[in-house]
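The values are calculated or read from the model by the stated rules, or taken from the named source; none is laboratory data. Note that the structure is predicted; figures quoted are calculated from it, not measured. No Cβ is skipped: glycine too gets one built from the backbone with ideal geometry, and neighbour counts run over all protein chains shown. For accessibility, only protein heavy atoms count, side chains too; no ligands or nucleic acids. Shrake-Rupley method; radii C 1.70, N 1.55, O 1.52, S 1.80 Å.
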Amino acid sequence: MPRSTRPGARRADAQHSVEKILDAAIDCLSRNHDASVVQIAQAAGVGRVTLYGHFPSREGLVEAALAHLLECGEEVLSELDLTGEPAQSLRELIDSSWLLIAQSGAMLEAAQKVLPPGRIHELHAGPEQRVRELIVRGQAQGAFRDDLPAAWLASALHHVLKGTAADVRSGAMTAEQAPEFIAQITLAAYAPQSSCSNRP
């Protein structure tokens, strides 16, 4: 009687299948927020039974895909040295993460339809913390304005990123133009407020 596949090999096959499904989900949902489980399974080259074996619901699949995308982003961003001059560090952060941010923004719209706000915020906690820490350091060094909370400035950057991602998807702006646009508008908004700007 032939021996069954070793447990280690089965686990490796299952992990490979999960990775294919998550990659397909990110691709499909980034292009169409309402992509179905059938479409994602077809893109991954697996059957619906296999997909549901790993992700029992579409909601669970969307959550796992967003978490996977953010984890990939963390791997990239964790390699950045953000200890230099704050404004330059912010520019480097935007330049290095733009494509991931654009894709994450598209995925976020899909996730917002099926996940509670608290869970979405939890998944984004790592990237948001990195931005806040950079802003706080910039405020302490006088490189960024300190008349507004760091959390609000970080939120403003998030909205600029989200709006720019939507403009790229609609064709109003190219992906190549986006990082410079984001950097220019953000650095202008973060600039320290001079005394001459105060109202009489």
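Plugging the Kirkwood radius over Cα pairs into Stokes-Einstein for segment 15-81, at a temperature of 10 °C and a viscosity of 1.306 mPa s, what D comes out in µm²/s?
Calculated translational D: 131 µm²/s.
What does the net charge come to around ALA183 if you take all other residues with beta carbon closer than 11 Å to its beta carbon, with K and R at +1 and D and E at -1?
Local net charge: -2.
Modelling each spin label as a point 7 Å along the Cα-to-Cβ direction, I'd like the HIS54/GLN193 distance in nm, to one decimal.
5.0 nm
Return the distance in nm (one decimal) between the two label points of a simple spin-label model at GLU133 and ALA151, each offset 7 Å from Cα along Cα→Cβ.
Simple spin-label model gives 1.8 nm for this pair.
Tell me, what are the semi-axes, in whole angstrom and largest first, of the equivalent ellipsoid of the chain as set by the roots of 5 times the Cα gyration tensor eigenvalues?
Semi-axis lengths for the chain are 40, 18, 14 Å.
Which value, in Å² rounded to 10, gives the accessible area of SER96 with a 1.4 Å probe and all protein chains present?
50 Å²
Please tell me the relative contact order of segment 8-50 in percent, rounded to the nearest whole number, where contacts are Cα pairs under 8 Å and at least six residues apart.
37 percent
Please list VAL160, VAL76 in order of solvent-accessible area, largest first, computed with a 1.4 Å probe with all protein chains present.
VAL76, VAL160
For n ≥ 4 DSSP H runs only, could you compute -39500 (n - 2.57) per run for the chain, divide by its residues and tell me the 222 nm figure to the nearest 500?
-24000 deg cm²/dmol
Carbon and sulfur: what percent of the chain's accessible surface (1.4 Å probe)?
The C+S portion of the solvent-accessible surface of the chain is 55 percent.
Pairing the Cα long axis of helix 58-77 with the longest principal axis of the chain, what angle in degrees results, from 0 to 90 and rounded to the nearest 10?
Orientation of helix 58-77: about 50 degrees from the principal axis.
When only Cα pairs under 8 Å and 6 or more residues apart are kept, what is the percent relative contact order across segment 70-200?
It rounds to 30 percent for segment 70-200.
Between 0 and 90 degrees, rounded to the nearest ten: what's the tilt of helix 86-112 against the longest Cα principal axis of the chain?
Taking Cα atoms only, the helix is inclined about 40 degrees.
If you stretched the chain out fully between ARG31 and ALA125, how much longer would it get, using 0.36 nm times the residue separation minus the C-alpha to C-alpha distance?
31.4 nm
Which order do GLU180, GLU63 take when ranked by solvent-accessible area (1.4 Å probe, heavy atoms of all protein chains), largest first?
GLU180, GLU63
Quick check for you: with a 1.4 Å probe and neighbouring chains kept, what is the accessible area per residue of segment 22-170, in Å²?
Here the per-residue accessible area is 49 Å².
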